[in-house]
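To start, the structure itself, in structure tokens.
The values are calculated or read from the model by the stated rules, or taken from the named source; none is laboratory data. What you see is a predicted model, and the numbers here were worked out from it, not measured in a lab. Glycine also receives a Cβ, built like all others from the backbone with ideal geometry; neighbour counts cover every protein chain displayed.
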Amino acid sequence: MRLLVIFGPPAVGKMTVGREIARRSNFRLFHNHTLIEPLLEVFDYGTPPFTRLLNEWRAGVVQEAAMSGTDLLFTFVWGLELQADADDLTRYIRPYVEKGADVAFVELSADLNTRLRRNRTELRLAEKRSKRDVEWSDANVREMERFLMNTHLNATVGRALPGTALLAEHRHMRLDNGDLTPQEAAAQILAWLDKAPTERDSLESPS
């Protein structure tokens, strides 16, 4: 049984790459907006009931997937400097960790201009109704730059982060997919996952 967590900044391609991985493997995709979109029909983003239900439902889906032996691919927008995000993610993955599953993290990165272009792709707008106001969504992608969402940015901070501490406990690959198609990114990630543990534990990139 495996759990793959794909993280990175908004519009980097987590869902799109995740779909391609799921198409080529036994992973079932549980992307970040699977629960966000239906909750937004009833509650405003960030309100107490929205946040409480999102956290409870995410944890519940991952727990049930672990209990059923499902290979799960979970995508997450993660502020690496935020203790609350690290705590939430630790709780989400705990059912797989406790079952001794193969838990791995893949970090996607791409420059801001690439992500702003991807923010308007047909698949993203079809799957994420809340992103269809593209002027607002572009502004949100820019605004989220204030958070540290890629590990290589930690060098500018000069201190340990809650997120990097969690990553140190698991296998972690960082992939710049700015110039890669979803198919190319998925192929590299699956090749990394399929390597023997002793070969892949310290691997950050398949290239």
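Things worth noting here:
- Cross-chain or 6+ apart pairs with Cβ under 7 Å, region 12-40 first and more than 16 Å from residue 62 (Cα to Cα) and basic (Lys, Arg), then modelled with pLDDT of 95 or more and assigned to a helix (DSSP H, G or I): 24/186; 24/190
- Positions within region 1-57 being hydroxyl-bearing (Ser, Thr, Tyr) and either under 24 Å from residue 120 (Cβ atoms) or not in a helix (DSSP H, G or I) (or both), in sequence order: 16, 25, 34, 45, 47
- Looking only at residues in region 17-33 that are polar (S, T, N, Q) and touching an Asp or Glu at 6+ places or on another chain (Cβ under 9 Å), the one that is surrounded by the fewest Cβ atoms within 10 Å (Cβ to Cβ) is 26.
- Which numbered condition residue 86 misses (of (1) in contact with a strand residue (DSSP E or B) (Cβ under 9 Å, 6 or more places away or on another chain); (2) buried (at least 19 other Cβ atoms within 10 Å of the Cβ)): (1)
Conditions tested, residue by residue: (1) in contact with a Lys or Arg (Cβ under 7 Å, 6 or more places away or on another chain); (2) at pLDDT 95 or above; (3) under 25 Å from residue 164 (Cα atoms); (4) basic (Lys, Arg).
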{"position": "17", "(1), (2), (3), (4)": "no, yes, yes, no"}
{"position": "23", "(1), (2), (3), (4)": "no, yes, no, yes"}
{"position": "42", "(1), (2), (3), (4)": "no, no, no, no"}
{"position": "45", "(1), (2), (3), (4)": "no, no, no, no"}
{"position": "63", "(1), (2), (3), (4)": "no, yes, yes, no"}
{"position": "78", "(1), (2), (3), (4)": "no, no, yes, no"}
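- Being assigned to a helix (DSSP H, G or I) and in contact (Cβ under 8 Å) with a residue 40 or more places away in the chain is a property that holds for residue 89.
- Residue, farthest from residue 147 (Cα to Cα), within region 92-101, restricted to residues that are in a helix (DSSP H, G or I) and not hydrophobic (A, V, I, L, M, F, W, C): 98
- Test: residue in region 47-70 that is touching a Ser or Thr at 6+ places or on another chain (Cβ under 7 Å) and surrounded by fewer than 20 Cβ atoms within 10 Å (Cβ to Cβ): no
- First in region 42-71 and touching a residue at least 40 places away in the same chain (Cβ under 8 Å) and closer than 18 Å to residue 90 by Cα, second anywhere and of a type in the set (Asp, Glu) and part of a helix (DSSP H, G or I), Cβ under 9 Å, 6 or more apart: 66/98
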